[in-house]
Amino acid sequence: MELKNKEELRNEILQYWLRSAWVYPFEGPDERTYLRLTPGGRLKMRRRIGELEKALGVEGTELARQDEAGTLPVERDQLELAMMVQAYDTERRLLVSQGTSLGTPAVTLEDTEPEDVGEASQDEVRG
């Protein structure tokens, strides 16, 4: 099996999410394209986060922090879990900021620095 770098894995994961209709492209106010979670994608990610946390024996929030710090090892399942936690948390924050009432979150990332909720941890689509 060919080893891949983190960006190749990240793009492969995003492409899978697009094909599986977990995310859709959305043009932001800054004319950049972002990926937003579909309602079904949020539910699927919520379930998959729990499955991966159990299988890997690690909290997804810890992996997300490692990814933000640049210390996450290049391992597909760990990277995907970190990306899911970031995407899920960002989408929930955006929806809540728009007044949407949501149930209990599967995961919540604690802010270490204030960020613009509309852009926090969202991956820009590279085309």
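Evaluating Glu51 against the criteria (1) closer than 12 Å to Asp77 by Cα; (2) of a type outside the set (S, T, N, Q); (3) in contact (Cβ under 8 Å) with a residue 12 or more places away in the chain leaves one unmet condition, (3). You will find that of Leu109, Leu37, the residue that is touching a helix residue (DSSP H, G or I) at 6+ places or on another chain (Cβ under 6 Å), modelled with pLDDT of 85 or more and open to solvent by less than 60 Å² (accessible area, probe 1.4 Å) is Leu37 and no other. Being open to solvent by 20 Å² or more (accessible area, probe 1.4 Å), at pLDDT 95 or above and of a type in the set (Asp, Glu) is a property that holds for Glu53.
For the range 56-69, a tally of residues being of a type in the set (A, V, I, L, M) and either part of a loop (DSSP other than H, G, I, E, B) or surrounded by 17 or more Cβ atoms within 10 Å (Cβ to Cβ) (or both) returns 3. For the range 31-43, the criterion of a residue being of a type in the set (Asp, Glu) and on the phi < 0 side of the Ramachandran plot is satisfied by no position. Considered as a group, the residues in the range 62-94 that are among the small types (Gly, Ala, Ser) and in contact (Cβ under 8 Å) with a residue 12 or more places away in the chain include one that is nearest to Leu35 (Cα to Cα), and that residue is Ala87.
Taking the condition open to solvent by 60 Å² or more (accessible area, probe 1.4 Å) and in contact (Cβ under 8 Å) with a residue 12 or more places away in the chain, does Lys44 pass?
Yes: the conditions hold for Lys44.
Which one is nearest to Leu35 (Cα to Cα), of the residues in the range 95-106 that are hydrophobic (A, V, I, L, M, F, W, C) and open to solvent by 40 Å² or more (accessible area, probe 1.4 Å)? Step by step, filter the range 95-106, then rank; the result is Val96. Taking the criterion of being open to solvent by 60 Å² or more (accessible area, probe 1.4 Å) and either closer than 22 Å to Glu68 by Cα or in contact with a Leu (Cβ under 9 Å, 6 or more places away or on another chain) (or both), the residues of the range 19-34 that qualify are Tyr24, Pro25, Phe26, Arg32.
Give all pairs with beta carbons closer than 6 Å in which a residue from the range 8-24 that is closer than 18 Å to Ile49 by Cβ meets a residue that is of a type in the set (Gly, Ala, Ser); count only pairs at least 6 apart in sequence or on separate chains. Cβ pairs passing all conditions: Trp22/Gly41; Val23/Gly41.
The values are calculated or read from the model by the stated rules, or taken from the named source; none is laboratory data. All values derive from a computational prediction rather than experimental measurement. Glycine gets a Cβ as well: all are built from the backbone with ideal geometry, and neighbour counts include every protein chain shown. Side chains included, ligands, DNA and RNA excluded: accessible areas come from the protein's heavy atoms. Shrake-Rupley method; radii C 1.70, N 1.55, O 1.52, S 1.80 Å.
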